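Since the structure comes first, as structure tokens, the remarks are kept for the end.
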Amino acid sequence: MNIYQPQLALVTALTDETHDTRTLRLEFEDEALRDSFDFHAGQFGEYSVFGAGESTFCIASAPTRKGFIECSFKAVGKVTSALREVNVGDTVGFRGPYGNWFPVDEWKGKDVVFIAGGIGLAPVRCVIWNVLDRREEFGDVTIVYGARSVDDLVYKRELEEWASRSDVKIVTTVDPGGETKDWTGEVGYVTPVVEATAPMAQNAVAVLCGPPIVVKLTLPVLDKLGFADEAIFTTLENRMKCGLGKCGRCNIGPVYVCKDGPVFTAAQLKELPAEF
Amino acid sequence: MTDATRETYFISDDDLRALAGDLLSAGTEVIAPVAVDVCASPSAIASSACLRPGVAPVDIEYRALADAAELDLSRGLPVLSLKQYFLPGHEALCCWRQHGTEVEIEAVPTTFAPRVVLAAKSCDSAALAIVDKVMNWDYQDELWNGRREATTIVNLACPVVDESCFCTAVGTAPDDVKGADALLTPVEGGYLMEATTDKGRVLMEAHGARFKAETDTHGAKHRGRQAAEERAAARARVAANLEIDAESVREWIDAHFEDPLLAALGVRCNGCGACSSVCPTCHCFDIVDEEEGIGKGTRRRCWDTCQAPTFTLHASGHNPRDDQHSRYRQRINHKFAIYPLKFGEVLCTGCGRCTRACHAGQDLVEILQAIDIAARRPDAAAAAVAGAEPAGS
Amino acid sequence: MSEVREVARKLLTDGTVRVIVGWEDARRGARPVFVTDPADTERLIFDTRCVHNLVTYLNPRRDNVAELGKIGLVVKGCDAKAVAGLLREAQLTRDDVVLIGVRCGGVLEEAELPKAASLSPENVAPRCYGCDNREPELVDHLLGESQPEPPRPVMTIDERVAALDAQPLEERWAFWTEQFSKCVRCYACRQVCPLCVCERCVAEKSRPQWIEAPPHPRGNLSWNITRALHLAGRCVDCGECERFCPVGIPLSLVNRKLQHIVAERYGYTVSDDPESPAPIGDYRLDDKQEFIK
Amino acid sequence: MSDAVDTSGAAADGFEPRITAFVCNWCTYTGADLAGTSRLHMASNVRIIRLPCTGRIDPLFIVKSFERGADGVIVSGCHPADCHYTSGNYHARRRFAVFHDLMEFVGVDPRRMTFSWVSASEGAKWRDVVDEAVANVRALGPFEAYRALAPEDAGVAAPAGARVEAEAS
């Protein structure tokens, strides 16, 4: 079996997060693999629909939750549209896990601030669960999550679950005009909400994922709040094909996002050409 | 390669062809330069429709020989490099069959029948050794490796093709054996052949009758001198085309991403992938699924190029490299800075194919020259830059 | 040649244009040059090596050329037809560009030569034979002396097309499938074509995948047929696709055949008159339909 | 239509042509329907694909049909002056004239491509068009030449180029 050949996985559940975002739960056909499969928070995979091709997403479930993996995607391209058509019981392909990961182990004893916009919560969700499953190892956990509208908030059940915990501070926000009558969260863009939330930067790390504009605007705010570039983690989403550091597509300057990333610190990002 | 006397053997022109014939009759695939009538076809059209009488346009191509007589030893440069035999233009990665919700995957074999490449160019064999690095970066590409292992490559010392050759500037040479297993050097009446790897020695031993050991005779000494002169002359010829300091070039590119010399290179570039297609080291690829009817198909990889806008285009419409300047810079950057940084080698063997293939006049020799001058003699850079970027800008 | 420099210098100096796109003499021969500084107009040349159809740089896809500012473009008669094509298809307005026309008596097959050569049957670009536009009309400045007809090449493109036409179907199939099987799908033919203006080429459309991406003979045939067909009645016969093809597919034969088809069926010949409607996209009630039952 | 297109081609003696027909919704499709409701007897080798107008039929549809194993194609629509959209068929006529001639130049037998005008009332003409197309293609045999263009590794696990020994076990 060569490195490009996918594993087969059964779709065992699907959840519509929003009108255009769906989460699939996959279980490997190979039982041994189902038990042995391991990954780190932040790693990604190549998901395939046979006949349509492969697409790259992070593994959205937490490594601490065994036996299955999950991915969340928006149907925008050829493969994601095909993935949107699969049903529970169908077979898809998976290669991975690939890439580096969030150094969660290094965060022990620190506060962790999660900031996500839109579907950017998918890679962050994985880390959130990873951290919450080992809650006692970390200091304060703060989550700031925003989407265009209430309807666009993904992982709604989990947002509620996190909100109900006393050991998590969560702020959800929607863009002005995206609120509903019974919306109790904030109204405003992610960046000012982060500023207003003002998480403590001392002995803390920030995980920031979202559309490029959110990342771009929030980085200076984190800087202002006192977060060092080395303490800010994000992921790059360059187009990939192989995920293995061969096909050359995700290369930016000296890094191949698939091998050297997808997780980068803000400090690393500043060293890269702005080709992402 | 340095100790040319010990393992050097003489093989006559006829015996070299006979060697190809021996391999073919033993069922071994032999890939070698073949002079191809550019409009050759199985029909009679070639002579009447496609060719202008008296002018016989001939291309040299690496082909699997059907007959030893096809072997072309004129030492011209094949249109496409050897890359196609290791990373084919398209190849299957796996096949699938779908029955309802069930999918069955059929693996593609990764072991290959032994084959021999005769009369390869050093710029082509060296490219394989360079690309080996990325193909084995943590994950082993078995399809590439399988073909590499199954292939014995015999280089033929190159006389240097034209003014666009610059192999010595990027660390190889017309008579290099990098990536190859043996080297042929033309001498009076035939070739001197030396094996440089075990694979090469096995090949020569298996066909020992075709070779004569170069003992300490007058003739052997003469041939040895002849070969050395031939090789030295070729090196000198190519060195005259371009001389750069690859390390300075790498450092300069790394530090001058936004420099006009690098950032404005794309103006005359058409953004076609001809340079990548003909390049022996360009290895970027795409992966696509192709259905054959309903419920079965093949996942293939095929050549791709960083020069195409679609290479980096996101499904959202966002394109991190959305103009030709940035795409052309990526080509230079990847070859002369990124790859050396990651894998310790320049991703270029100086074959010059990209320059010859570009009829819009993108000239890598000129660009490297300009970068080298900028890197080593910043004061003189301005003058050299003039040719490489739009005049006056 | 000096006339071209003079006009170019004037246009740049008085600010009429920001960049002159013409030819220069480089290490490997003639090639396109983009002159923005009046002093650099000395680099401009025009001789028989100026083969390139520079109109490709007016193509709306070429944003990195457009960003240099208003273009002054040096055109031969054949090139002017491509400008007319862009105007005809509303890809360009006439005020977007200043055209410096040069009278041309034919060019060489190759631009990559150290020196210009006078034309002979052996070296002339075959497409030049029978040129009907040695003096472009669609220009703002017309330069150079009146030129004689280009020499007749040893074998003309028409003769080659006729020789193919005379072959039985199977022979033609064998010929073209072999030629197209060489294609590596670099898309140089499309990229260099001044009239391939689509923002997104059908070859890049994947939903559905009309043209199979890998360069196997089946996908290659589909691509090459489509490319040719999309240029029917539009191709100006500049030959750039064939010249840029790294594997030497004789695309001019298929392009010429299409010119014959539209000429025979619709009496249409590509000209540098932007007002004449292109044959595909137009129709007549009495178009020939002998192939329809 | 659930079965995969069998690209192996049938044996010459038992050859049943596989023909794709691209027809316009307004005239030919209705004409074909009439042929059916009139119980006209005709060859059953044709798979009809209905489109709004012949002007909507891209020549690539035909290329795609051949790629996917069709031995012949039919393109049919409204007679001149009858187009539901006024001029779609006139545009199609030019496009297919050029395509027809080009394919012939490339070496495709034009008898594999049938173009016709069949109105809503011409059920009998549709039958004749179909029967003639099928007879033509039957005489020409399976379109093996096109199928031979398929990549060697199409749907089977064998890489292009070098031959392969059994997977090392």
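Got a sec to turn the phi values of the range B:83-91 into Karplus ³J(HN,Hα) couplings, 6.51 cos²θ - 1.76 cosθ + 1.60 with θ = phi - 60°, whole Hz, x for Gly and Pro?
Those phi angles translate into 3, 4, 8, 10, 10, x, x, 8, 8 Hz.
Put one equal scatterer on each alpha carbon of the range B:8-241, apply the Debye formula with no solvent term, and list log10 I(q)/I(0) at q = 0.08 1/Å to two decimals.
Scattering profile of the range B:8-241, log10 relative to I(0): -0.36.
Share of antiparallel DSSP beta bridges in the protein assembly as shown, in percent to the nearest 5?
60
Not counting the cut sites, what is the longest span of chain A without GluC sites (Glu not before Pro) that DSSP labels loop and that have at most 16 other Cβ atoms within 10 Å?
Formally, the longest exposed-site-free interval is A:86-276.
Along the range C:270-275, what does the Karplus equation 6.51 cos²θ - 1.76 cosθ + 1.60 (θ = phi - 60°) give for ³J(HN,Hα), rounded to whole Hz, x for Gly and Pro?
5, 10, 9, 9, x, 7
Starting from the amide H of D:ILE48, placed 1.01 Å from N in the peptide plane, find each other amide H under 5 Å away whose residue is 5 or more places distant or on another chain.
D:ALA21
Taking the 0 to 90 degree range and rounding to the nearest ten, how far is the long axis of helix A:121-132 tilted relative to the main principal axis of chain A, both from C-alpha atoms?
80
In peptide B:314-321, what is the residue-averaged number of other protein chain Cβ atoms found within 10 Å of each Cβ?
6
Alpha carbon centre of the range C:101-150 versus the range A:193-217: separation in Å?
Here the two parts' Cα centres lie 64 Å apart.
Counting each DSSP H run of 4 or more residues in the protein assembly as shown as -39500 (n - 2.57), what helix-only mean residue ellipticity at 222 nm follows after dividing by all residues, to the nearest 500 deg cm²/dmol?
Value at 222 nm, helices only, nearest 500: -9000 deg cm²/dmol.
Considering chain C as a Gaussian network with a 10 Å cut-off on Cα pairs, which listed residue, C:ALA30, C:ALA90, C:ALA116, attains the greatest mean-square fluctuation?
C:ALA90
Just to be sure I understand: with springs between alpha-carbon atoms less than 10 Å apart, which residue in C:LEU12, C:LEU231, C:LEU169 has the highest mean-square fluctuation in the Gaussian network model of chain C?
C:LEU169
Based only on other Cβ atoms within 10 Å, what is the fewest-to-most ordering of A:HIS40, B:HIS283?
In order of increasing Cβ crowding within 10 Å: A:HIS40, B:HIS283.
Once you list every other residue whose beta carbon is under 10 Å from the beta carbon of C:TYR187, what net charge do they have if Lys and Arg are +1 and Asp and Glu are -1?
In short, +2.
How would you classify the protein assembly as shown from its alpha-carbon gyration tensor, with a ≥ b ≥ c the square roots of the eigenvalues: rounded for a/c under 1.5, else prolate if a/b is greater than b/c, otherwise oblate?
Rounded is the answer for the protein assembly as shown, as its axis ratio a/c remains below 1.5.
Quick one: which residues, 5+ away or cross-chain, put their amide H under 5 Å from the amide H of B:LEU71? H built at 1.01 Å from N.
none
Skipping prolines and chain starts, which residues have an amide H placed within reach, meaning under 5 Å, of the one on C:VAL33, given they are 5 or more residues away or on another chain?
C:GLY22, C:TRP23, C:GLU24
Please compute the net charge surrounding B:ALA234, taking Lys and Arg as +1 and Asp and Glu as -1 over other residues with Cβ under 13 Å from its Cβ.
0
Apply the membrane-span-like helix rule to chain B: whole DSSP H runs, Cα extent along the own long axis of at least 15 Å, mean Kyte-Doolittle hydropathy at least -1.0. List the helices found.
Within chain B the helices that satisfy the rule are B:13-25, B:122-135, B:364-376, B:378-388.
Quick check: the angle from helix C:251-266's long axis to the longest principal axis of chain C, C-alpha only, nearest 10 degrees?
80
Provide a whole-number value for the mean count of partner chain Cβ atoms within 10 Å of the Cβ atoms in peptide D:72-79.
Per-residue shielding by partner chains comes out at 1.
Would you mind pulling out the separation of the Cα centroids of the range A:61-116 and the range C:52-99, in Å?
48
For the range C:131-176, what does the alpha-carbon gyration tensor say about shape, rounded, prolate or oblate, given a ≥ b ≥ c as the root eigenvalues, a/c under 1.5 as rounded, and a/b over b/c as prolate?
Because a/c hits 1.5 or more and a/b exceeds b/c, the range C:131-176 counts as prolate.
Defining a contact as two alpha carbons under 8 Å apart and six or more residues distant in sequence, what relative contact order in percent does chain A show?
The value is 18 percent.
For A:ARG25, D:ARG112, what's the fewest-to-most ordering of other Cβ within 10 Å of each Cβ?
Lowest to highest Cβ neighbour count: A:ARG25, D:ARG112.
Hey, fewest Cβ within 10 Å first, where do B:HIS334, B:HIS222, B:HIS256, B:HIS90 land in order?
Least crowded to most crowded, the residues run B:HIS222, B:HIS256, B:HIS334, B:HIS90.
Any chance you could give the angle, 0 to 90 degrees and rounded to 10, that helix C:217-230 forms with the longest Cα principal axis of chain C?
Between helix and principal axis, roughly 60 degrees.
With both bridge residues required to lie in the range B:8-241, what share of the DSSP beta bridges run antiparallel, to the nearest 5%?
The answer is about 75 percent antiparallel.
Could you compute the net charge surrounding B:ASN136? Neighbours are other residues with a C-beta less than 15 Å from the C-beta of B:ASN136; K and R count +1, D and E count -1.
0
Other chains' Cβ within 10 Å of B:234-242 residues: what's the mean?
Counting other chains' Cβ atoms within 10 Å and averaging over B:234-242 gives 0.
Rounded if a/c is under 1.5, else prolate if a/b beats b/c, else oblate: with a ≥ b ≥ c from the C-alpha gyration tensor eigenvalues square-rooted, which is the range A:152-276?
Judged from the Cα gyration tensor, the range A:152-276 comes out prolate (a/c at least 1.5, a/b above b/c).
Identify which of B:GLY293, B:GLY344, B:GLY266 has the largest mean-square fluctuation in a Gaussian network model of chain B, with springs joining Cα atoms closer than 10 Å.
Judging by the Gaussian network model, the answer is B:GLY293.
Would you mind computing Rg(Cα) / (2.2 N^0.38 Å) for the range C:157-266, counting N as its residues?
Here the Cα radius of gyration is 1.05 times the empirical estimate.
Which entries in the list B:LYS121/C:LYS182; B:LYS121/B:LYS221; B:LYS178/B:LYS221; B:LYS335/C:LYS10; A:LYS241/B:LYS83; A:LYS241/B:LYS133 go over 29 Å, if you measure between the two C-alpha atoms of each?
Among B:LYS121/C:LYS182; B:LYS121/B:LYS221; B:LYS178/B:LYS221; B:LYS335/C:LYS10; A:LYS241/B:LYS83; A:LYS241/B:LYS133, the Cα-Cα distance tops 29 Å for B:LYS335/C:LYS10.
A short reminder: the numbers here are calculations on the coordinates, not readings from a lab. These numbers were taken from a predicted model, which means no experiment stands behind them. All Cβ positions, even for glycine, are placed from backbone atoms using ideal geometry, and neighbour counts span all protein chains on display.
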